[in-house]
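A quick write-up on the structure given underneath.
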Amino acid sequence: MNEEKRNLSLGGHVGFDSLPDQLVSKSVTQGFCFNILCVGETGIGKSTLMNTLFNTMFENEEASHYQNGVYLRPRTYDLQESNVHLKLTIVDTVGFGDQINKEDSYKPIVDYIDTQFENYLQEELKIKRSLFNYHDTRIHICLYFIAPTGHSLKSLDLVTMKKLDSKVNIIPIIAKADTISKSELHKFKIKIMSELVSNGVQIYQFPTDDEAVSEINASMNVSHRSKWGNKTVRARQYPWGVVQVENESHCDFVKLREMLIRVNMEDLREQTHARHYELYRRCKLEEMGFKDTDPDSQPFSLQETYEAKRKEFLGDLQRKEEEMRQMFVNKVKETEAELKEKERELHDKFEQLKRMHQEEKRKVEEKRRDLEEEMNAFNRKKVAAETLSLSQPLKKDKDKKK
Ligand SMILES: Nc1nc2c(ncn2[C@@H]2O[C@H](COP(=O)(O)OP(=O)(O)OP(=O)(O)O)[C@@H](O)[C@H]2O)c(=O)[nH]1
Ligand SMILES: [Mg+2]
């Protein structure tokens, strides 16, 4: 345990100073993926911003305003800039804000984000994992489009952002910011920021700990974000003159592109993995009964977790079996009692019938006796009558002799 680290100086060039280059070339061959979620009402300018942001023409079909509910539509594109390949997925909300009852509008969005986390977790937990070439669909950034009303945030916006802020990096964007005046826009931004703060909505903060980007990011964290964009040409004719998109003094669009893609893309990917996914993973594993330490704060291995869960499961099973057995016994007892009751009823009925039968028999017997007596009496009378008629002629003879 007394091992000491010694600092050695190398006698000549060995070559491990090329490790960063090796990493770069490996990453470049592997390619990158980046997933953007655009949340905003139908026709608010989601597709236009994406087209302008990536300076290309993605599919651009308009959504109908008559959807029964909200659903999410992911589309994946392979892009290349110099020799770097980017697999870009843009997920659009369809029908957001179009229903009369908007209570559940946030649910499909939350579900979608969770499903992507779940898929990644499943891959991580597989025995044969292939995270190396896994197509990661976890959302790295959620651009939340706010309608340029100039008043305040809608409750739908606040509720949705609140539900999402622990799951994804949110950047709120004022859509079609060119349609309100500069001073109005300024006031609107301040209002939105204060509403977000007072409702405790966490939005993505550009990192300021990396020296190379700290200055630009720090300035962006205070100046709020809004956007401006258009479809194919990068300039648009308005009654008050030509507003050039690429001109920074007119809008924050160039800044947004810079912050999102050129400076902070990797930070967004990292935050997604290290913060949002980590939170999802922790909750999910805890829900499944995994823990790092036992009640005495001792390390708790996977094996122990498995055995504890198994024991709990077997205990449950035994309890259920016992319950079922008890239920069976009770049922048998109940049925037995019912049968006994029926038997008793039958027996009573039988006894009653028997009694009736005996009574009947007794009555018949009595009648028979009466009849017999009557018959005897009749016989006796008959005999008497016969004897009387025999003695009468003798008397006549005697009278004759006299
Ligand atoms: N003035 C102004 N108009 C814009 C801006 N962005 C988009 N638009 C216009 O708004 C309309 C709708 O834009 P889309 O980008 O199709 O909106 P979307 O949110 O993708 O619409 P769905 O996909 O149908 O929900 C188009 O006519 C755009 O030209 C903007 O920044 N300013
Ligand atoms: Mg669209």
Using the per-residue mean of other Cβ atoms lying within 10 Å as a proxy for protection, in what order, highest first, do the peptides 61-73, 141-153 fall? 141-153, 61-73
Can you pull the percent of segment 32-144's accessible area that's carbon plus sulfur, 1.4 Å probe, other chains left in place? 47
Choose one answer from K163, K191, K340: the residue with the largest mean-square fluctuation in a GNM of the chain with alpha-carbon springs under 10 Å. K340
So if I place +1 on the C-beta of Lys and Arg and -1 on the C-beta of Asp and Glu, and nothing else carries charge, what would the dipole magnitude of the chain be about its Cα centre? I want it in debye, nearest 20. 3480
Accessible solvent surface per residue of the chain, calculated while the other protein chains remain in place, 1.4 angstrom probe, Å²: 70
Whole Å is fine, so just give me how far the alpha carbon centre of segment 8-69 lies from that of segment 86-130. 17
Signed unit charges on C-beta, dipole axis of segment 300-402, positive-most listed residue L371, L353, Q303: L371
Quick check on segment 1-149: what are the equivalent-ellipsoid semi-axes from the Cα gyration tensor, as sqrt(5λ), descending, whole Å? 43, 20, 14
Gain on full stretching of the segment that runs from K363 to N83 - 0.36 nm per residue minus C-alpha separation: 88.7 nm
Rounded accessible area of L346 (nearest 10 Å², 1.4 Å probe): 120
Report the trypsin sites (Lys or Arg not before Pro) located in segment 1-107 that are in a DSSP loop and have at most 12 other Cβ atoms inside 10 Å of their Cβ, or state none. K5, R6
Among F58, N7, P20, flag the residue with its Cα farthest along the positive direction of the charge dipole of the chain, charges on Cβ as +1 for Lys/Arg and -1 for Asp/Glu. F58
Over 24 Å, how big is the tail of the calculated P(r) for segment 252-402, in percent of all Cα pairs? 78
So for the pair A308, D111, with labels modelled 7 Å out along Cα→Cβ, what separation do we get in nm? 3.3
With only alpha-carbon pairs counted, each pair once and no self-pairs, how large is the Kirkwood hydrodynamic radius of the chain in angstroms? 29.8
Once you have the Cα-Cα distance between S25 and N133, take 0.36 nm times their residue separation minus that, and quote the gain in nm to one decimal. 37.3 nm
Which net charge results for the neighbourhood of F300, defined as the other residues with beta-carbon distances under 15 angstrom from its beta-carbon, given Lys and Arg at +1 and Asp and Glu at -1? -2
What is the distance, in nm, between label points placed 7 Å from the Cα along the Cα-to-Cβ direction at L285 and at E103? 3.7
Which value, in Å² rounded to 10, gives the accessible area of E258 with a 1.4 Å probe and all protein chains present? 50
Tell me, what is the percent relative contact order of segment 55-110, built from C-alpha pairs under 8 Å that lie six or more residues apart? 38
How big is the accessible area of M327 in square angstrom, nearest 10, if you roll a 1.4 angstrom probe over the protein chains? 130
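The values are calculated or read from the model by the stated rules, or taken from the named source; none is laboratory data. Quick caveat: nothing in here was measured; it's all calculated off a predicted structure. Cβ: placed from backbone, ideal geometry, glycine included. Neighbour counts: every protein chain shown. These accessible areas exclude ligands, DNA and RNA; they are computed on the full protein's heavy atoms, side chains included. Shrake-Rupley method; radii C 1.70, N 1.55, O 1.52, S 1.80 Å.
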